[in-house]
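Engineer: Structure below; questions to follow.
Each value in this text was obtained by applying a stated rule to the coordinates, not by laboratory testing. All figures in this text were calculated on a predicted structure; none of them were measured in a lab. All Cβ positions, glycine included, derive from the backbone under ideal geometry; neighbour counts span all protein chains shown.
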Amino acid sequence: MREYVLHSEQTYTRRFGSWLAALEAAGFDPDRGPTDAELLAELRRLRDDLEKQPSAQDMSDHGAYGTTTYVRHFGSWSAALEEAFDGEGDRNGESG
């Protein structure tokens, strides 16, 4: 989305009250949210792009989904990182 729109996700959230409301106003089906597999793939893609495990701020700045989506799916940002990178070492968003 960021590649094709003029405004940030936060702008839509402020205008419509939530990202979900913005999607509904645009005619999208908000029930089709990302799957766990898609979310984990995005974490790994961002890790590869940044060459480090992404922090919540990295996701907000460069990722395809908001950290709230990860919390909703996995219970916490840390749990999402653990699921994506289990056995890969550091879970604090630093390379090492």
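Engineer: If each of D86 and S18 carries a label point 7 Å out from its Cα toward its Cβ, how far apart are those two points in nm?
Structural biologist: It is 3.0 nm.
Engineer: Along region 41-52, what does the Karplus equation 6.51 cos²θ - 1.76 cosθ + 1.60 (θ = phi - 60°) give for ³J(HN,Hα), rounded to whole Hz, x for Gly and Pro?
Structural biologist: With coefficients 6.51, -1.76 and 1.60, one gets 4, 5, 4, 5, 4, 5, 4, 5, 5, 8, 6, 6 Hz.
Engineer: Run the numbers for T68 and L50: contour at 0.36 nm per residue of separation, minus the present Cα-Cα distance, in nm. Numbers along the way, then the final one.
Structural biologist: Working: separation 18, 0.36 × 18 = 6.48 nm, distance 2.06 nm.
Answer, rounded to one decimal: 4.4 nm.
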